Amino acid sequence: MQKKNILKGVLFVGIGASIYGMLATFVKLAYHEGYTTSEVTTSQFVLGLVGLLILNFVQTITSKKALPSPTSKEIRNLMLAGTSLGCTSLFYYIAVQYINVSIAIVLLMQSVWFSVVVESVVSKKWPNTRKIISVVIVLLGTVLATNLINESLDLNWKGILWGLMAAASYTLTMFTSNTLATHLPVFRKSIIMLCGGSVIVFGFLFFAQIGPLHVEGLKSFYLNFTENTEHIHSFNYSILWTYGLILSLFGTIIPPILFNIGFPNAGLGLGSIVSSLELPVSVTMAFILLGEKVIFIQWIGIALILFAIVLMNLPKKEIVINKIP
């Protein structure tokens with residue numbers, strides 16, 4: 001029975017990570033069809049909220065026992081934590097305006113060593129030797145995966161900046177998701193966090209496509225840090241039934257459900273290893289659907305990052321000393 005549960009956990013986490021890894025490719029395709037970052041993020045969060053509300057309603061009426069409700073303090077904390085969820089999507093999607101998806105996902109995976117830093121600060125303890133080695137391997141893998149050793153490569157600094165900001169937000173999202181209101185049903189918790197993220201996304205929508213861009217100073221500041229693709233026009237509602245539906249399912253609804261089913265069965269360590277499938281899936285999708293060039297040295301870098309994740313999450317072996325009679 002235990003092996004069956006572990007296999008189930010690995011399967012669910014693996015599918016969830018693979019689906020999430022496809023996200024950036026569809027965002028890039030949406031950009032190619034003229035949709036803006038604010039339209040992409042808004043449609044994803046709006047449809048995601050609707051989907052989670054429906055699932056929460058079904059779960060509530062079919063549950064045989066009363067489900068726990070959040071306190072006002074928990075709602076406040078979860079909404080505040082959810083702002084990092086909105087920032088992650090926003091920063092990540094802005095990043096892929098400037099750089100390839102295969103580069104953006106590598107930058108997002110810097111959350112691996114960001115989380116080590118956060119954990120050390122919170123616990124006030126230095127990371128162990130294995131984690132330090134893993135961080136060094138991640139950094140080396142990042143140099144190779146982004147092809148930084150190629151002198152002729154011209155990476156846009158704005159894309160790198162937004163990608164690293166997305167990694168920082170993603171780290172905060174993972175940390176708060178695993179520590180706040182863990183007793184709540186997944187749908188209720190996700191809805192509250194998504195509401196917090198929606199504040200960021202709707203704020204960006206207002207800033208990017210409505211009033212403030214008409215103020216020249218704000219407009220200049222905005223265009224300095226984002227691609228000039230946010231035209232001042234009315235919201236294109238066709239995004240809702242085209243890419244918005246795909247993005248909400250692949251980014252907001254399905255992966256969190258699969259992760260919440262899979263991680264308890266697989267365990268945090270094994271689950272973290274399997275969830276790293278997001279990296280090769282994202283690069284492969286970009287290679288197939290977008291035609292992005294990924295050279296051999298970049299695959300070596302990706303392999304190093306995956307190895308570091310495995311190394312970091314392997315269980316510690318207990319050393320047994322046999323006494324000589």
Residue match in the stretch 208-230 (condition: open to solvent by 50 Å² or more (accessible area, probe 1.4 Å) and at pLDDT 80 or above): no
Test for PHE307: is it open to solvent by 30 Å² or more (accessible area, probe 1.4 Å) and at pLDDT 75 or above: yes
Every residue from the stretch 162-189 that is open to solvent by 30 Å² or more (accessible area, probe 1.4 Å) and not hydrophobic (A, V, I, L, M, F, W, C): TYR170, SER177, ASN178, THR179, THR182, HIS183, ARG188
Condition met for MET193 (modelled with pLDDT of 90 or more and not hydroxyl-bearing (Ser, Thr, Tyr)): no
Among the residues listed as GLY16, GLY51, the single one being assigned to a helix (DSSP H, G or I), within 19 Å of ILE191 (Cβ to Cβ) and open to solvent by 10 Å² or more (accessible area, probe 1.4 Å): GLY51
Top-ranked residue in the stretch 273-289 [being buried (at least 18 other Cβ atoms within 10 Å of the Cβ) and among the hydrophobic types (A, V, I, L, M, F, W, C); ranked as nearest to the chain's Cα centre (by Cα)]: LEU279
Test: residue in the stretch 270-279 that is at pLDDT below 70 and assigned to a helix (DSSP H, G or I): yes
Residue in the stretch 59-114 that is surrounded by the fewest Cβ atoms within 10 Å (Cβ to Cβ), counting only those that are charged (D, E, K, R) and assigned to a helix (DSSP H, G or I): LYS73
So LYS125, is it charged (D, E, K, R), farther than 26 Å from PHE26 by Cα and touching a helix residue (DSSP H, G or I) at 6+ places or on another chain (Cβ under 6 Å): no
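The values are calculated or read from the model by the stated rules, or taken from the named source; none is laboratory data. All values reported here derive from a predicted model rather than from experimental measurement. Methodologically, a virtual Cβ is constructed for each residue, glycine included, from the backbone with ideal geometry; neighbour enumeration extends over all protein chains shown. Accessible surface is based on the protein model in full, side chains and every heavy atom, while ligands, DNA and RNA are left aside. Shrake-Rupley method; radii C 1.70, N 1.55, O 1.52, S 1.80 Å.
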